[in-house]
Amino acid sequence: MNSPKICKNFINGEWVDAVSEAVFEDRNPADTNQVVSVFPRSDGRDVALAVEAAAAAFPRWRLMPAPRRAEILYRAAQRLAERKEELAADMTREMGKVLEEARGDVQEAIDMAYFMAGEGRRQYGQTTPAELPNKFAMSLRSPLGVCGLITPWNFPMAIPSWKILPALICGNTVVIKPAEDAPLSCYHFVKILAEAGLPRGVVNLVAGFGEEAGEAILAHPGVKMISFTGSTDVGRHVSERCAPQFKRLHLEMGGKNVIMVMEDCNLELAVDGAVWGAFGTTGQRCTASSRIVVHKEVYIEFLEHLVERARALRVGDGLDPAVQMGPLINRDAADKVSQYVQSGIQEGARLLSGGHALTDGVFANGFFFEPTVFANVQPGMRIAQEEIFGPVVSVIPCDSFEAAIEIGNNVRYGLSASIYTQDVNRAFVAMREMETGIFYVNAPTIGAEIHLPFGGTKQTGNGHREAGVAALDTFSEWKSIYVDYSGRLQRAQIDS
Ligand code: NAD
């Protein structure tokens, strides 16, 4: 068993304890006897120091040419790639996802570092014709200032990287508070940025809890922008806290994503997609395929195969290469999933497999849960409407393509949707009609590529996007410039 890693906050280029000297533990959800790391439990005093450092670093960082800023990001990308295996293993230890998925999480950070470094030589504005002779018109991007970043535990390196890197390349400085359930991956990421040559104060990491460090970031008047990824309930609260100060706000929140399985699809492909979409990362992805709407002509056959595959999944410690599904993140998550299973049963859905926590033998010290399949789910049931964030999938029968679209859209969230069909016309209609930020054809609702915009509609997002060039819009603002080179005095100047 590895001994716990003792970690600190990173403020103004120094690794420091919390002012209060309080700490908290980051435990392995596959075996809670293992303390993976110990972090400072920060409060408003630590946040104030971090914001002060970020504000002091801003004037110089803003004026550093973006291609020079990019060189630091390139170096960080290389270091991340060199240390990928070790970083992935620590991620699995701290939050449970299987090693292969943890590698993917680190890879997203690597990809994002290369991509955003490339943007250091682009960040294009517009040059346009002006209305008058001898006048020049253009627009350019300006940084926002100190960005406050608040992130969840389920993509503990990818999501911090999706926020920090575009913020930096646009010339902002940063205070980040990672989730209390998985701060170590963000710590590694920030440490690598520092080793790559980031000037002091440009990125500051403050570990701690939402109600303490998180609230202090929201409240601090020196923080000009908040980028939050997490649950919709917390996101609503964040929104309310930012409004009085008119803080710029980027929200990425919950999902209730749907796969639509049509009668003309390749059924084997659809079943495979459903298994990984629903049970990958133990169902703890914002893009998890937690609803599957299936045409009645293939409903029974689809269910038979899905249940067979769900029962065969190997659950356990994600560090074991044979394991396909790791634990849930914590006790609250395990209780919440159990409650949703009870709710499904009470509302009349048919539990076809799973439904129980795994608590014996090798599972005794972790938060393991069986892959769970409900059939005959009605679209209005709680298990078909609310984000469960666990390995529970609701299979909903439907009569037609049109009904599938209607059921698919009938939720408050709008992150991701997919269709399995061999009919190109249906694929295009669904692509147009689904009220989501991401759409897949013949693939599950998961698996983003970092150069395309990522985010959702309705109660998943507030109109901004991260990843891709769209992230530059989130982390910068436009300035329009008019240059008159005619040498003529303006009317107002002549009159005065
Ligand atoms: P969460 O909302 O509980 O916490 C997210 C972050 O907010 C954490 O860092 C937490 O400490 C902080 N926080 C909590 N209360 C706060 C407060 N009062 N003030 C300031 N900060 C506060 O979410 P979670 O459990 O970490 O993550 C799971 C959720 O995140 C799911 O709903 C999932 O769908 C969502 N998510 C969304 C996306 C997306 O891109 N749309 C991606 C990943 C996860």
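The values are calculated or read from the model by the stated rules, or taken from the named source; none is laboratory data. Here the structure is a predicted model, which is why all the values come from computation and not from measurement. Don't worry about glycine lacking a Cβ; one is built from the backbone with ideal geometry, like all the others, and counts go over all protein chains shown.
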Evaluate the range 187-195: report whether one residue or more is within 12 Å of the ligand (Cβ to nearest atom) and buried (at least 24 other Cβ atoms within 10 Å of the Cβ). no
Taking the conditions exactly as written (within 16 Å of the ligand (Cβ to nearest atom), under 15 Å from Gln385 (Cα atoms) and of a type outside the set (Phe, Trp, Tyr)), does Gly255 satisfy them or not? yes
Residue that is nearest to the ligand (Cβ to nearest atom) [pool: residues in the range 461-496 that are of a type in the set (Ser, Thr, Tyr) and at pLDDT 95 or above]: Thr474
All-but-one check, Asn257 against (1) touching a strand residue (DSSP E or B) at 6+ places or on another chain (Cβ under 7 Å); (2) surrounded by fewer than 24 Cβ atoms within 10 Å (Cβ to Cβ), failing number (2)
Restricting the search to the range 227-252, which residues are of a type in the set (A, V, I, L, M) and either in contact (Cβ under 8 Å) with a residue 40 or more places away in the chain or more than 11 Å from the ligand (Cβ to nearest atom) (or both)? Val238, Ala243, Leu249, Leu251
Condition (residue is touching a residue at least 60 places away in the same chain (Cβ under 8 Å), among the small types (Gly, Ala, Ser) and within 10 Å of the ligand (Cβ to nearest atom)) applied to the range 261-283: is it met by at least one residue? no
Phe389 vs. criteria in a loop (DSSP other than H, G, I, E, B), of a type outside the set (D, E, K, R) and either touching a residue at least 12 places away in the same chain (Cβ under 8 Å) or in contact with a Lys or Arg (Cβ under 7 Å, 6 or more places away or on another chain) (or both): yes
Selection from the range 181-212 of residues that are over 21 Å from Asn28 (Cβ atoms) and in a helix (DSSP H, G or I): Val190, Ile192, Leu193, Ala194, Glu195, Gly210, Glu211, Glu212
Being of a type in the set (Val, Ile, Thr) and part of a helix (DSSP H, G or I) is the filter; apply it to the range 213-251 and report the residue that is farthest from the chain's Cα centre (by Cα). Ile217
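Give the number of residues within the range 447-460 that are more than 6 Å from the ligand (Cβ to nearest atom) and either basic (Lys, Arg) or closer than 13 Å to Thr436 by Cβ (or both).
The number of residues fulfilling the criteria is 7.
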Please verify whether the range 172-180 includes one or more residues that are of a type in the set (D, E, K, R), part of a loop (DSSP other than H, G, I, E, B) and away from the ligand (no atom under 16 Å from the Cβ). no
